[in-house]
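Notes follow once the structure below has been shown.
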Amino acid sequence: MIEEQLRAIVAKIAETKPDFPVTANLRDEVGVDSVRAFEVVFEIERVLGVAIPEGRYGEVRTFQDLLTIVESLKKA
């Protein structure tokens, strides 16, 4: 369920379809530039109630990276 919600958030902000592979590079393949990345972070917090610490932003390259971080924070 988290994956579907996260896909919807990313797709909405990137103005694309949510059917990208989990291995997709968010910037190069999905279209999440630096401005949109902040929008994604804010929307994740609003919709999922998960605040991604600023120090973890550098860990996110692919959709899977983002999903892993959000899932780990949701469990905490």
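The values are calculated or read from the model by the stated rules, or taken from the named source; none is laboratory data. Note that the structure is a prediction, hence the values are computed from the model and not measured. Cβ sites come from the backbone with ideal geometry, for glycine too, and all protein chains shown count toward neighbours.
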Handout entry: the range 50-76: number of residues that are closer than 19 Å to Asn25 by Cβ, of a type in the set (S, T, N, Q) and in a helix (DSSP H, G or I)
Key = 2
Handout entry: Pairs with Cβ under 8 Å, 6+ apart, first in the range 61-72 and within 15 Å of Ile9 (Cα to Cα), second aromatic (Phe, Trp, Tyr) and modelled with pLDDT of 95 or more
Key = Phe63/Phe20
Exercise for the section: Only residues in the range 14-27 that are more than 10 Å from Leu66 (Cα to Cα) count as the first member; pair them with residues that are among the acidic types (Asp, Glu) and not in a loop (DSSP other than H, G, I, E, B), Cβ under 9 angstrom, at least 6 apart or cross-chain, and list the lot. Expected result: Pro18/Glu4; Phe20/Glu29; Pro21/Glu29; Thr23/Glu29
Handout entry: Condition met for Glu45 (within 16 Å of Gln5 (Cβ to Cβ) and exposed (fewer than 14 other Cβ atoms within 10 Å of the Cβ))
Key = yes
Fill in the blank from the handout: Counting only residues that are part of a helix (DSSP H, G or I), more than 20 Å from Lys74 (Cα to Cα) and not small (Gly, Ala, Ser), the range 1-49 contains a total of 9
